[in-house]
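Right, one structure below, let's go through it.
The values are calculated or read from the model by the stated rules, or taken from the named source; none is laboratory data. Worth saying up front: this structure is predicted, and the values here are computed from it rather than measured. Neighbour counts are summed over all protein chains in view; Cβ atoms, including those assigned to glycine, are modelled from backbone coordinates with ideal geometry. Areas reflect the complete protein model, heavy atoms only, side chains present, ligands, DNA and RNA absent. Shrake-Rupley method; radii C 1.70, N 1.55, O 1.52, S 1.80 Å.
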Amino acid sequence: KQLCFCIDDNVPKDRHIIAANEGNAIALAAGYHLATGKLPLVYMQNSGLGNSVNPLLSLCDSDVYSIPMLLIIGWRGEPGVQDEPQHVKQGKVQLDLLQIMDIPYTIFSENMQEVAKKTTEGAVSAMRENRPFSIVVRKGTFGTYKSHSITIDDRLMTREESLEIILKRLPNNSIIVSTTGKTSREIFEIREKTGEAHFKDFLTIGSMGHCSSIALGIAIAKLDRKVICIDGDGSLIMHMGSLSTVGKLNPKNYYHIIINNYIHESVGGQATSANFVEMSHLVKANGYKYVYSTKDSSELKN
């Protein structure tokens, strides 16, 4: 989060692209190198390494196009460091995965010396060997950075306010699938606060961008139950192609609620591309039969 803040403030917007997902970011970086011969940098949390495996191996690898780039990958779930359950397996296999993919790496930690020297060595190595080089960053490495550019639109309803309205008005036998990050955390907290059980909710704490497909899989198997996917703009955009599968199958018991605050809030508030996407038109174009949009609590209740 601190690195994201710093980059947002200090890198020109046309040189800092927040991609839909990490595989897209690798491909963008590859295109930049092909056009300029320069070294691109891609940063991600290690959960995004899975999204990156295919373009790293089938595009950038020395057996294919030999495209150099510098990767900065956060090491969530490092063995021996307490973290959330969705990060444990990824953290456990991260270094092994890089080795199997033949991507050399160095590890940065909070008390590491010669950071600039090691970064330069990695960049030189990537260009000399024409392949990706990774900097693995341990949790807590970066200090606090106060952003001057991140703002949240306080004219919008809060996500928690929206969720309380939604949960209160759903039929009792509804099945809920919620997206990763703060949405699932807040649904859990609302259930705790109201003394409700959790067994009707599937909180998708990992696999960002896939909650709509999880909900779709449940909906086509449970046609007698209403299945509600509670999604976010960043999650929806990450794997937008899943909308076409929903439209193609078109189960009548499937409801897709998108809470759009135009930012990746869980990682600090970086802008998504939702400002450039007309969500209502997008879902209609993918075969959704009914689309409703609201910006205030009274409309949402209706």
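Take segment 261-286 and flag every residue that is more than 30 Å from R76 (Cα to Cα) and touching a Ser or Thr at 6+ places or on another chain (Cβ under 7 Å). If you could, list the steps in order and put the result at the bottom.
Residues of segment 261-286 that are more than 30 Å from R76 (Cα to Cα), as a first pass: 276-286.
Result: S280, N286.
Output the residues belonging to segment 87-108 that are open to solvent by 30 Å² or more (accessible area, probe 1.4 Å), in contact (Cβ under 8 Å) with a residue 24 or more places away in the chain and either within 20 Å of L70 (Cβ to Cβ) or among the acidic types (D, E) (or both).
Going residue by residue through segment 87-108, those that are open to solvent by 30 Å² or more (accessible area, probe 1.4 Å) are 88-90, 92-93, 95-97, 99-100, 102, 104-105, 107.
After this cut, where a residue has to be in contact (Cβ under 8 Å) with a residue 24 or more places away in the chain as well, the list is 90, 95, 97, 102, 104-105, 107.
Passing the criteria: L95, L97, D102, P104, Y105, I107.
Of these, S47, S66, S58, which one is of a type in the set (S, T, N, Q) and within 22 Å of C4 (Cβ to Cβ)? Walk me through it before giving the result.
Values: S66 fails: within 22 Å of C4 (Cβ to Cβ); S58 fails: within 22 Å of C4 (Cβ to Cβ).
Checking each option against the conditions leaves just S47.
Out of the residues in segment 109-153 meeting the condition of being aliphatic (A, V, I, L, M) and modelled with pLDDT under 90, tell me which one is surrounded by the most Cβ atoms within 10 Å (Cβ to Cβ). Even if it seems obvious, please write down each step before you answer.
Just the residues of segment 109-153 that are aliphatic (A, V, I, L, M), to begin with: 112, 115-116, 123-124, 126-127, 135-137, 150, 152.
Keeping just the survivors that are modelled with pLDDT under 90 gives 112, 150, 152.
Values: M112: 13, I150: 16, I152: 12.
Looking at residues that are aliphatic (A, V, I, L, M) and modelled with pLDDT under 90, I get I150.
Can you list the strands (runs of 3 or more DSSP E) lying wholly within segment 97-192 that have 3 or more residues being more than 26 Å from D9 (Cβ to Cβ)? Lay out the reasoning, then the answer.
Details: elements: 105-108, 132-138, 175-178.
The strands (runs of 3 or more DSSP E) meeting that bar are 175-178.
For the subset of segment 28-50 comprising residues that are over 12 Å from the mean Cα position of the chain (by Cα) and open to solvent by less than 50 Å² (accessible area, probe 1.4 Å), which member is farthest from P85 (Cα to Cα)? Spell out how you get there, then give the answer.
Let us first name the residues in segment 28-50 that are over 12 Å from the mean Cα position of the chain (by Cα), namely 28-43.
If we keep only those that are open to solvent by less than 50 Å² (accessible area, probe 1.4 Å) as well, we get 29-31, 33, 37, 40, 42.
Numbers: A29: 31, A30: 32, G31: 35, H33: 36, G37: 40, P40: 32, V42: 25 Å.
Checking each candidate, the answer is G37.
I'd like the residue in segment 154-178 that is modelled with pLDDT of 95 or more and farther than 25 Å from S298 by Cβ and, out of all such residues, is farthest from the chain's Cα centre (by Cα).
Only one residue tops the list, namely I175.
Can you confirm whether segment 273-280 contains a residue that is at pLDDT below 90, open to solvent by less than 20 Å² (accessible area, probe 1.4 Å) and under 30 Å from T144 (Cβ atoms)?
Yes, the conditions are met somewhere in segment 273-280.
Answer yes or no as to whether S212 is hydroxyl-bearing (S, T, Y), surrounded by 22 or more Cβ atoms within 10 Å (Cβ to Cβ) and either modelled with pLDDT of 95 or more or more than 26 Å from N21 (Cα to Cα) (or both). It would help to see each step written out before you state the result.
Values: hydroxyl-bearing (S, T, Y): yes; surrounded by 22 or more Cβ atoms within 10 Å (Cβ to Cβ): yes; either modelled with pLDDT of 95 or more or more than 26 Å from N21 (Cα to Cα) (or both): yes.
Against the criterion (hydroxyl-bearing (S, T, Y), surrounded by 22 or more Cβ atoms within 10 Å (Cβ to Cβ) and either modelled with pLDDT of 95 or more or more than 26 Å from N21 (Cα to Cα) (or both)), S212 qualifies.
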